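Report on one structure; see the data block that follows.
The values are calculated or read from the model by the stated rules, or taken from the named source; none is laboratory data. Every value quoted in this text rests on a predicted model; they were computed, and no experiment measured them. Using ideal geometry, Cβ is built from the backbone for each residue, glycine included, and neighbour counts are taken over all protein chains shown. For the accessible areas, the whole protein counts, side chains as well, though only heavy atoms, and no ligand, DNA or RNA atoms are used. Shrake-Rupley method; radii C 1.70, N 1.55, O 1.52, S 1.80 Å.
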Amino acid sequence: IRINPGQGIAGHVFASKQLVNIKDCYKDLRFDPSHDKATGYKTESLLAVPVTNFEHEAVAVLQAINKHGGAFSAVDEVILSTLGEHAGIALRNAEVYKEALAAGDRANGLIRMIKSLTQDLGTQSTILTITTHAGDLVSADRCTVFIVDNRSEELWSISTDSGKEIRIPKALGIAGDCATRGDIMNVPDAYADSRFNQEFDKVTGYRTQSVLALPIKDEKGAVLGVIQMINRKEVDGEVVPFSDEDVQVMETFCTLVGSKLQTS
C-alpha cells in the first residue's frame, strides 16, 4: 500500500507530525475509505503517531486500528507514541547499518577491480571485467560498457550473456548523448526522458527505471567510452534513482579504467 504525504489520516499524521486519535473514522473528513471498500474491512477507531528521526523529520507513521472494546485511550496514546520513538531509533540504526554495508561493498569492489586491471587483458576481456565490477560498486541491476568507435561513428560493446558484439549509433540514446557531450547523465525515470529507447524493454519484458551513464576519458579529456548502469537496487530489491554518492564513486572508477582502456 502506498500513499502520498497528506493523503488520508496516515498521510496527515506524516505531514503534520501530530498524533491523531479518532473514535469513528467515517465521521472524519481526512479518512480515505477506499481500502475498506476494496477489502470489505470496516475501520472504526484509529490511533496514529508519527515516527521521526533525530532531526525531528517524519520518516514513517505507526497506526493502530479498531481497538477491542471501544476507542483508544490516553494510555494507548502514550504506549503507541513510545513505540513510535523506539521505531524511529530502530529505523535509523538500520539505515546506518545499511550504509556501512554499502561502503564495505564499494571498497571491496574497488579493490577487486584494481587487482583485475593489473592483469594483461585484451579489449573484450577488459570490457567484461569493468562491467562486472562497476555494477557491484553502486548496486546496479545491469551494467554495460560502450567503447567509442570514431571511424564508424558508433558505440560498441560485448554482451555479457552471449559474448556477441553490440553496436549502436554514437549519438543514440542516453549512452550516446553521454559519449557525444562527455557529460554525466543521471536519469531517475528513464520513461520520462525522451532520449530513452523503450524497444529493448518491450522485447525483453524488462523494466528500466533509473539510469546512470558516465564518460570514460583519456588524459586529454577525449571520450573513450561510456559506462551505463541501469536500475539501482536497495537491499530490499526496490529500484531507486542513483545518488550523488554513486556518481562520485563511479567518477573515481572511470578515472581508474580510462588509462586501462587506452592501453588495452
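On average, how much area does the Cα convex hull of the stretch 14-104 cover when viewed from any direction, in nm²?
The orientation-averaged projected area of the Cα hull of the stretch 14-104 comes to 7.6 nm².
Would you grab the residues whose amide H sits under 5 Å from the one on Gln7? Only those 5+ places off in sequence or on another chain, please, with H modelled 1.01 Å from N.
His12
I'd like the accessible area for Val78, computed on protein heavy atoms only with a 1.4 Å probe and all protein chains in place. Round to 10 Å², please.
Per-residue accessible area (Val78): approximately 90 Å².
Round to the nearest 0.05 the FRET efficiency obtained for Thr39 and Lys202 when R0 = 45 Å and r is the Cβ-Cβ distance.
Step by step, r from the Cβ atoms, then E = 0.85.
Putting +1 on Lys and Arg Cβ atoms and -1 on Asp and Glu Cβ atoms, find which of Asn66, Ile89, Ser194 reaches farthest to the positive end of the dipole of the chain.
Toward the positive end, the furthest listed residue is Ser194.
Ignoring ligands, DNA and RNA, please state the percent of accessible area on the chain from carbon and sulfur, probe 1.4 Å.
Carbon and sulfur: 52 percent of the exposed surface of the chain.
Kindly identify the chain as rounded, prolate or oblate by the Cα gyration tensor criterion: order the square roots of the eigenvalues as a ≥ b ≥ c, call it rounded if a/c is under 1.5, otherwise compare a/b with b/c, prolate if a/b is larger, else oblate.
Prolate is the answer for the chain, as a/c is 1.5 or above and a/b outweighs b/c.
If one takes the longest principal axis of the Cα atoms in the chain, at what angle in degrees, from 0 to 90 and to the nearest 10, does the Cα axis of helix 74-117 lie?
Once rounded, the angle reads 10 degrees.
Can you classify the stretch 164-241 as rounded, prolate or oblate using the Cα gyration tensor, where a ≥ b ≥ c are the square roots of its eigenvalues, rounded means a/c under 1.5, and otherwise it's prolate if a/b beats b/c and oblate if not?
Prolate, since a/c reaches 1.5 and a/b exceeds b/c.
Report the relative contact order of the chain, percent, no decimals, based on alpha-carbon pairs under 8 angstrom and at least 6 residues apart.
Relative contact order for the chain comes out at 13 percent.
Determine, for each peptide in 174-181, 10-17, 225-232, 201-208, the mean count of other beta carbons within 10 angstrom over its residues, then list the peptides with the highest first.
225-232, 174-181, 10-17, 201-208
Computed FRET efficiency, Cβ-Cβ of Lys23 and Lys233, R0 45 Å: what is it to the nearest 0.05?
Approximately 0.55, to the nearest 0.05.
Expressed as a whole number of Å, what is the distance separating the alpha-carbon centroids of the stretch 1-67 and the stretch 205-264?
Cα centroid to Cα centroid, the span is 40 Å.
Note the full-extension length gain between Glu85 and Arg30 as 0.36 nm times their separation in residues minus their Cα-Cα distance, in nm to one decimal.
Taking 0.36 nm per residue and subtracting the Cα distance, the gain is 17.4 nm.
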